[in-house]
Each structure stands twice: as structure tokens, then as C-alpha cells.
Amino acid sequence: MESGQKMQYNGGIIDAHCDTVHLFAEMKDVYNFAQKNTIAQLDLPRMEAAGIKVQFFALYIEPEYKYGNALKRCMQLLDLFYQTIETCEERIEAVFNYDDLLRVNNEGKIAAILTVEGGEVLEGDLGVLRMLYRLGIRGLGLTWNQRNEIADGVGERETGGGLTRFGKKVVKEMNRMGMIIDLSHISPKGFWDVLKTTVCPVVVSHANAKKICDHYRNLTDDQLKALRENGGVVGLTFYPDFIHDKNPDLNILLDHFEHISEVAGIDHLGIGSDFDGMGGKMLKGLTDVSCLPALIAGLFARGFKEKDLQKILYGNFLRVIRKICNDDSVEV
Ligand SMILES: [Zn+2]
């Protein structure tokens with residue numbers, strides 16, 4: 001570092017994954033998203049203070065709603081999401097394409113992108129996918145850990161199962177409409193099948209490097225290199241189990257950032273916090289969104305430059321959004 005050089009990041013931040021919508025449902029009597037609180041890892045005032053410009057909100061379908069009630073659960077969460085952000089519409093707005101995102105940010109508001117985590121909601125029907133698009137969903141995690149009609153989740157990895165014939169149709173329809181394909185939680189075979197099928201970049205919204213932490217949810221170096229080829233982005237996650245099996249901390253998370261930037265390249269990583277999706281676990285030093293300055297300071301200390309942080313924290317995911325969500329006139 002040259003003396004006097006400022007280690008300050010003034011750009012925006014895109015977080016590609018949180019499960020906070022859950023709390024809109026489960027904690028609705030005590031959790032107020034628009035007010036600072038200690039119940040959640042995210043709320044509007046802390047997001048604003050941390051410099052979040054774009055937040056992906058996943059509608060996570062818990063295992064108890066599979067099978068049979070996954071789609072209904074998704075609709076309930078979607079309704080709660082819209083009801084909640086209506087109460088603070090002057091500060092946050094759902095966006096459906098790249099131009100929308102820029103407009104909302106220019107108005108000084110946070111842009112929210114809606115995604116679904118778990119393709120069970122489609123119940124094997126492309127028509128449901130198209131209706132989700134019409135309702136504002138712009139990303140879909142093809143699987144959670146289980147098998148569904150689209151593919152095997154990573155929890156079924158020993159079967160060697162990948163993308164189904166229906167899953168291939170889903171990938172193609174998502175490419176056509178302009179929906180972001182999220183490969184977090186998919187089986188290794190499914191990951192490779194999707195990359196052979198898609199004509200658009202994909203994201204892995206929340207995962208880390210298997211080389212640093214040998215967890216089945218993390219990505220191998222070969223997968224990271226494939227993401228580079230595809231033009232996609234992996235969002236590094238703060239979920240402790242995916243950072244280290246015994247002593248996860250911010251320092252080891254920084255090892256993941258270094259490794260992934262070397263293997264996948266600086267243009268192919270971002271952040272996907274998984275805030276409010278950690279089942280009560282928290283990373284030491286990065287317990288909630290207000291701790292992001294500690295991550296930024298850590299990245300600078302590891303030698304990342306401001307232009308690198310601009311890509312990691314913002315530009316890389318923005319590139320994918322711009323590439324995929326660019327045309328709302330597409331016939332659904
Ligand atoms: Zn997840």
C-alpha cells in the first residue's frame with residue numbers, strides 16, 4: 001500500500017442472496033423490516049447504512065412444504081414480500097429489469113430482485129414458471145438439496161443424477177424469458193448438465209470454495225473455472241459451515257475470496273450473504289449486514305484494489321443482471 005492511499009470503498013453493493021422474506025412470515029408480529037432491530041440479520045436501515053444498492057430476496061420453500069404445498073407457500077411468501085415493501089416504498093422497490101434497477105438506484109432507493117429457491121414450486125409445469133415471471137420473479141434456484149422435477153439437489157449427489165428432460169426445458173425457457181438461473185444446491189451432475197444446456201450466464205448465488213472448505217455445497221476448482229467460461233458469477237456466502245468445518249471466521253472467508261478470484265477470475269465472484277438463512281448460526285466478525293465494512297477492510301488488507309472491490313461487490317452481478325434481465329417486452 002502506498003502511504004496515504006485511502007482504503008475506502010465508495011461504490012454500491014449487490015447481495016445476491018438472503019432468506020429474510022421468511023421472517024416476514026414467521027416473525028410478522030415482532031419483526032419490522034423498515035425499522036432497525038436485532039431479530040434479523042437484515043433490515044432496511046442497516047442495509048441503507050451498509051451501502052446495499054441491490055438485494056436479491058429469495059423465496060425459500062422449506063422442506064415441510066414439499067411436496068404438495070410448495071407453490072402455495074411460494075405465493076404466500078411473495079404476497080408477504082410485496083405487502084412488506086409497500087410499507088416502505090419510498091426506500092425500496094422491486095425491479096424487473098436492468099433499466100428499472102438503475103432508475104430505482106438513481107432515485108436513492110434499494111432495488112429488490114425476487115427469486116425462488118427451489119424448483120419444486122413449478123410442480124413440473126412450464127406454465128407455472130411463466131406465471132412466476134409475470135408475478136415479478138427474476139431468478140430461480142433450480143433445486144434445493146432434494147431431488148425435484150428439474151434435477152437432483154446436492155443432497156442426492158450419490159445417485160449421480162443431473163438435469164431431467166423437464167429441467168432442460170426449464171433452462172431453455174428461463175434463457176428465453178430472461179430469468180437468472182441459480183445453481184446453488186444443485187448436484188454436481190446437474191451443474192454440468194445446465195452449463196451444457198444454457199446459452200446465458202448462470203449464477204451460484206451462495207457458495208464458497210471446496211478447496212478451502214470441503215463441504216458438499218461448495219464449488220470445486222473445475223466448477224469455478226467453468227463459471228469463468230460461462231461468464232457467470234458465484235456469490236461468496238457468510239454461512240459458517242461453508243467457510244470452515246471447525247473454526248469459521250472472517251479471515252478464512254477472505255481465503256475463499258482470494259482462492260476464488262484466482263481460480264475463477266476477478267470478474268466471476270460477488271457476495272451472496274445468506275443472511276437470515278443460517279438457521280441461527282452466524283459468522284464471527286460478520287454477524288449481520290452492518291458488519292460489511294469489516295469484510296471490505298479485510299479485502300483491502302489482502303491486497304484487493306478498489307477496482308477489484310467494485311467488481312466483487314457490485315459490477316460482476318450487475319453484468320449478469322444487465323445481460324439477462326434486459327427486455328421486459330419478451331412474450332411470456
Ligand atoms: Zn440456500
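The values are calculated or read from the model by the stated rules, or taken from the named source; none is laboratory data. The model shown is predicted, which means the values in this text are computed figures rather than measured ones. No Cβ is skipped: glycine too gets one built from the backbone with ideal geometry, and neighbour counts run over all protein chains shown.
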*So, in region 217-249, of the ones that are more than 23 Å from residue 115 (Cβ to Cβ) and crowded, with 19+ Cβ neighbours inside 10 Å, which residue ends up nearest to the ligand (Cβ to nearest atom)?*
248
*Scan region 252-271 and report the pairs whose first residue is over 12 Å from residue 224 (Cβ atoms) and touching a residue at least 60 places away in the same chain (Cβ under 8 Å) and whose second residue is among the aromatic types (Phe, Trp, Tyr) and assigned to a helix (DSSP H, G or I), with Cβ atoms within less than 7 Å and a gap of 6+ or a chain change.*
270/317
*Within region 117-134, track down each residue that is within 24 Å of residue 55 (Cβ to Cβ), out of contact with any helix residue (DSSP H, G or I) (no Cβ under 6 Å at 6 or more places or on another chain) and touching a residue at least 12 places away in the same chain (Cβ under 8 Å).*
117, 118, 119, 132, 134
*Verdict on residue 73 being closer than 16 Å to residue 325 by Cα, out of contact with any Ser or Thr (no Cβ under 6 Å at 6 or more places or on another chain) and of a type in the set (Lys, Arg)*: no
*Criterion (over 17 Å from residue 44 (Cα atoms) and crowded, with 20+ Cβ neighbours inside 10 Å) met by exactly one of 158, 117*: 117
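Using the structure shown, decide if residue 203 is more than 21 Å from residue 296 (Cβ to Cβ) and in contact (Cβ under 8 Å) with a residue 24 or more places away in the chain.
yes
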_Selection within region 260-281 - surrounded by fewer than 19 Cβ atoms within 10 Å (Cβ to Cβ) and either away from the ligand (no atom under 16 Å from the Cβ) or under 23 Å from residue 319 (Cβ atoms) (or both)_ = 262, 265, 266, 267
*Which one of the conditions (1) closer than 26 Å to residue 101 by Cβ; (2) over 20 Å from the mean Cα position of the chain (by Cα); (3) within 16 Å of the ligand (Cβ to nearest atom) does residue 34 fail to meet, given that it meets all the rest?*
(3)
_Checking the condition exposed (fewer than 13 other Cβ atoms within 10 Å of the Cβ) and either in a helix (DSSP H, G or I) or in contact (Cβ under 8 Å) with a residue 12 or more places away in the chain (or both), which residue from 28, 53, 72 passes?_
72
*Those residues of region 277-310 which are among the charged types (D, E, K, R), at pLDDT 95 or above and either touching a strand residue (DSSP E or B) at 6+ places or on another chain (Cβ under 8 Å) or closer than 14 Å to residue 251 by Cα (or both), in sequence order*: 288, 302
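Restricting region 202-216 to residues that are away from the ligand (no atom under 15 Å from the Cβ) and buried (at least 19 other Cβ atoms within 10 Å of the Cβ), which is farthest from residue 132 (Cα to Cα)?
The qualifying residue farthest from residue 132 (Cα to Cα) is 212.
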*Take the residues of region 37-65 that are more than 16 Å from the ligand (Cβ to nearest atom) and among the hydrophobic types (A, V, I, L, M, F, W, C): which is modelled with the lowest pLDDT?*
39
*Does residue 18 qualify as being away from the ligand (no atom under 16 Å from the Cβ) and either out of contact with any strand residue (DSSP E or B) (no Cβ under 9 Å at 6 or more places or on another chain) or under 29 Å from residue 298 (Cα atoms) (or both)?*
no
*Restricted to region 169-187, and to residues that are surrounded by 18 or more Cβ atoms within 10 Å (Cβ to Cβ) and in a helix (DSSP H, G or I), which residue is farthest from the ligand (Cβ to nearest atom)?*
177
